[in-house]
1. Identify the single condition in (1) surrounded by fewer than 22 Cβ atoms within 10 Å (Cβ to Cβ); (2) within 11 Å of the ligand (Cβ to nearest atom); (3) charged (D, E, K, R); (4) touching a residue at least 40 places away in the same chain (Cβ under 8 Å) that LYS253 does not satisfy, given that it satisfies every other one.
2. Looking only at the range 24-47, filter to residues that are under 20 Å from HIS347 (Cβ atoms) and surrounded by 20 or more Cβ atoms within 10 Å (Cβ to Cβ); which one of those is nearest to the chain's Cα centre (by Cα)?
3. Looking at ARG270 and the list (1) in contact (Cβ under 8 Å) with a residue 40 or more places away in the chain; (2) charged (D, E, K, R); (3) near the ligand (Cβ under 8 Å from one of its atoms); (4) part of a loop (DSSP other than H, G, I, E, B), which single condition is not satisfied?
4. Can you pull out the residues in the range 232-250 that are assigned to a helix (DSSP H, G or I), farther than 14 Å from SER318 by Cβ and more than 11 Å from the ligand (Cβ to nearest atom)?
5. Between a residue in the range 304-316 that is at positive phi and in contact (Cβ under 8 Å) with a residue 12 or more places away in the chain and any residue that is among the hydroxyl-bearing types (Ser, Thr, Tyr) and more than 6 Å from the ligand (Cβ to nearest atom), which pairs come within a Cβ distance under 9 Å, given they are 6 or more apart or on different chains?
6. Look at the range 1-23 and say how many of its residues are over 16 Å from HIS347 (Cα atoms), exposed (fewer than 13 other Cβ atoms within 10 Å of the Cβ) and within 16 Å of the ligand (Cβ to nearest atom).
7. Exactly one of (1) surrounded by 14 or more Cβ atoms within 10 Å (Cβ to Cβ); (2) assigned to a loop (DSSP other than H, G, I, E, B) is unmet by ASN145. Its number?
Amino acid sequence: MMVCEYKPGLEGIPAAQSSISYVDGQKGILEYRGIRIEELAAKSTFIETAYLLIWGELPTKEELAAFEEEVRLHRRIKYRIRDMMKCFPESGHPMDALQASAAALGLFYSLRDLHNPAYIRDSVVRLIATIPTMVAAFQLMRKGNDPVKPRDDLDYSANFLYMLNEKEPDALAAKIFDICLILHVEHTMNASTFSARVTASTLTDPYAVVASAVGTLGGPLHGGANEEVIQMLEEIGSVENVRPYVEERLQNKQKLMGFGHRVYKVKDPRAIILQDLAEQLFDKFGGDKYYDIAQEMERVVEEKLGHKGIYPNVDFYSGLVYRKMGIPTDLFTPIFAIARVAGWLAHWKEQLAENRIFRPTQVYNGKHEAPYIPLEQR
Ligand code: SDX
């Protein structure tokens, strides 16, 4: 067997062959099935983009209408899931609530018919349809309210915002939210997608696949950074404090949340679009002082770390968009998950098509032939 050099974090090591998405980290290019995200953000919808990623081609009018209808009809969650969620502590993080709820779905659909295309399709539809309902339900229940039922007359994003706020969203806000989902739906072999593919490779059910990926996404080095960015901007508090804050953190070898990326060495193309979306919201609904702080921070970080290729990533401006929509900070990462579930499912399907269980090796650096020391002698 060929022995490879150990690379911490598997940097630069291909873990799969995939035709789902493509990143050029030097040029700042991201494509889904070959289509640039700028184009999809301007012209597509989240549901259409999810279809593209999972089935490999843009849908025809009829295919899109059928997919939208199936998702619409599966938005409701079972009362047992809702009742289970009612028992979650309201102080618990919504990502943990989501992980537990996604895993619990597997209890209701325990049949594993992985070779049956109808099973794949049903699972895809069910997960894309119910994840937003579960996020919104936990948000209302932790406030002591009953969850509201999905509204079939609203599209995917408008319905989520309606379930979250119990009122119909502004049309621009709903459109911008849908674009945010497009921007977060897929990103090659990131940590949560890798997690999804590893879990998928054991031939378990898709609910376990999604639950494991949700757990991975939540960490502050990955999707959890969007929540921490807002906390960081709040801590900085004013434009004048940006430079001393950045300098102090760098001196203490602490990371600046929302900056840096394993693959991008330029500004993340998603951050560029998200910044523009934030500005559209500020134009309509009024500015946000944290945006001024964020822009100053981008300038200072570029000055200090630009030579290392450290620029804003997807998590830097997304929080400002969601904040302007009145969404609580700890829902930012669950919203990332609402989008990414479609990417994970595309990888689940691709993994199953040519599956081999993930079983890498390790470089053992421990002892050999160690003696067993009796308890009383330790
Ligand atoms: C996402 O992989 C994906 O595609 C993920 C994602 C997706 O869509 O799925 O794009 C979503 O997870 C975005 C990233 C969100 N995380 C953060 O914003 C947390 C802050 N960023 C980092 O901790 C870091 O940049 C990572 C985790 C994103 C990447 O980590 P790497 O590739 O392991 O890089 P590293 O930590 O080894 O850093 C390399 C160098 C170091 O300097 P040197 O020791 O070489 O001198 O860059 C420096 C680091 O100190 N560095 C930073 C920094 N990020 C890297 N210094 C200060 N602040 C930072 N944020």
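1. (4)
2. Within the range 24-47, the match that is nearest to the chain's Cα centre (by Cα) is PHE46.
3. The failed condition is (4).
4. Matches in the range 232-250: GLU234, GLU235, ILE236, VAL239, GLU240, ASN241, VAL242, ARG243, PRO244, TYR245, GLU247, GLU248.
5. Here the result reads GLY309/TYR264, each pair linking the range 304-316 to a residue that is among the hydroxyl-bearing types (Ser, Thr, Tyr) and more than 6 Å from the ligand (Cβ to nearest atom).
6. Qualifying residue count, the range 1-23: 7.
7. (1)
Residue by residue, here is whether (1) among the aliphatic types (A, V, I, L, M); (2) at pLDDT below 95; (3) within 16 Å of the ligand (Cβ to nearest atom); (4) not in a loop (DSSP other than H, G, I, E, B) holds:
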position	(1), (2), (3), (4)
TYR290	no, no, no, yes
HIS307	no, no, yes, yes
VAL321	yes, no, yes, yes
LEU331	yes, no, no, yes
ILE335	yes, no, yes, yes
HIS347	no, no, yes, yes
ILE357	yes, no, no, no
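The values are calculated or read from the model by the stated rules, or taken from the named source; none is laboratory data. As the structure is a computational prediction, the values presented were derived from the model and not from experiment. Neighbour counts are summed over all protein chains in view; Cβ atoms, including those assigned to glycine, are modelled from backbone coordinates with ideal geometry.
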